[in-house]
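The values are calculated or read from the model by the stated rules, or taken from the named source; none is laboratory data. None of the values given here were measured: they were computed from a predicted structure. FYI the Cβ positions are ideal-geometry reconstructions off the backbone, even for glycines, and counts take in every protein chain you see. Protein only, heavy atoms only, side chains kept; ligands, DNA and RNA dropped before computing areas. Shrake-Rupley method; radii C 1.70, N 1.55, O 1.52, S 1.80 Å.
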Amino acid sequence: MTKPTIGFVGLGIMGQPMAANLLQGGYDLVVYNRTPAKCAVLESEGAQVGDDPADVARRSDVVITMLPDSPDVELVYQGESGLLSAARAGQLFIDMSSISPAVARSLAEAAAALGVEALDAPVSGGDVGAKNATLSIMVGGDPATFERARPIFETLGTTIVHMGGAGTGQTAKACNQLLVAQTLEAVSEALVLGSKAGVDPARLIEALSGGLAGNRVMEVRGRNFLEHDFTPGFKIALHQKDLRIAMEAGRELGVSLPGTALVEEMFAALQSSGSGDLDHSAVITVIEDRSDHRLVS
Ligand code: NAP
């Protein structure tokens, strides 16, 4: 069976390596990014470059979007030269950005009105998972559409779960993000407490990793904490956006999320002080500032 031509919009930290894996997997690719320079590497590897999202839709069977936030996805879908303006019945649009479940549902409805199948399929696993094609992919939408997209997902990730109807992938992602955020904050507290008491933080991570306190945040971000290397990774601004989405969902459903609220506030403070583009592991600096102690001098 011939592989579909895939359009890919949004070539940032995640989109760039994901698109590269699709090329590597033998898919023909048409790419587009707001800043055109980010298309250059993929173009040199064989991708075509579209003029705008509508052009990408015209030249593709399946379109994947990997954009920062809900308004960006709405613009790319519903803007003047948006995907839906050039959509054909039978196409498949997959949004892999992390956005509001309500927006995902409304975009799925707008697509369905044109005979286009749609999935929300946000991911976790970070830039490393994107590069190594080991992402965890949480998918919302029709089960038959999920099966249609499965071979594409298998080119990008290793854990692929159909969560339910439209928007449920985004709900799962919000749950993922509140867990990661609170783990980052808890690891920060442990490292600053240990370090100020004179315990070597690297040895602390080694010891804690073997027991019930072991976690993927220490495994993947341990070096960032220890060396104060806050090169993103995953930007604080994007994680704050995800916690805002989780808080909104909590309010809509009447679910109490006190821990999420606390870390959302810390991320918001970091953003206000100009640190929004740093990696989310920089949350440790909030604990350090309040404790008058740094892990590294
Ligand atoms: P990013 O590095 O900021 O990339 C976003 C890309 O989208 C940029 O290249 C940006 O172009 C492009 N873009 C924005 N608006 C556009 C538009 N209207 N038309 C075309 N392109 C547009 O973000 P990221 O880290 O890849 O994250 C993307 C999504 O994945 C977010 O929803 C994030 O929450 C989620 N996510 C990220 C990670 C992670 O570890 N980074 C992990 C899991 C999920 P410019 O170059 O012009 O800015």
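Residues of region 102-125 that are surrounded by fewer than 24 Cβ atoms within 10 Å (Cβ to Cβ), in a helix (DSSP H, G or I) and within 14 Å of the ligand (Cβ to nearest atom): V103 alone. Would you confirm, using the coordinates I've provided, whether S281 is assigned by TED's automatic domain parsing to the domain that holds E185, polar (S, T, N, Q) and part of a helix (DSSP H, G or I)? In short, yes. Where residues in region 214-264 are basic (K, R) and over 17 Å from the mean Cα position of the chain (by Cα), which of them is nearest to S297 (Cα to Cα)? That would be R223. Within region 126-157, the residues that satisfy the criterion of being of a type in the set (A, V, I, L, M, F, W, C) and either in a helix (DSSP H, G or I) or in contact with a Phe, Trp or Tyr (Cβ under 9 Å, 6 or more places away or on another chain) (or both) are V128, A130, L135, I137, V139, A144, F146, A149, I152, F153, L156.
Listed here are the residues, each with its yes/no results for (1) more than 9 Å from the ligand (Cβ to nearest atom); (2) not hydrophobic (A, V, I, L, M, F, W, C).
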position	(1), (2)
F8	yes, no
G12	no, yes
M18	no, no
L22	yes, no
L29	yes, no
Y32	no, yes
A37	no, no
V41	yes, no
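Residue count for region 11-46 satisfying the condition of being in contact with an Asp or Glu (Cβ under 9 Å, 6 or more places away or on another chain) and more than 23 Å from P122 (Cβ to Cβ): 1. Among the residues of this structure, V199 counts as one that is modelled with pLDDT of 95 or more and more than 14 Å from H280 (Cβ to Cβ).
Among the helices (runs of 4 or more DSSP H) confined to region 161-267, the ones with at least 2 residues that are closer than 30 Å to P151 by Cα are located at 168-196, 216-227, 236-253. With respect to being in contact (Cβ under 8 Å) with a residue 60 or more places away in the chain and either open to solvent by 30 Å² or more (accessible area, probe 1.4 Å) or closer than 28 Å to A144 by Cα (or both), M14 fits the description.
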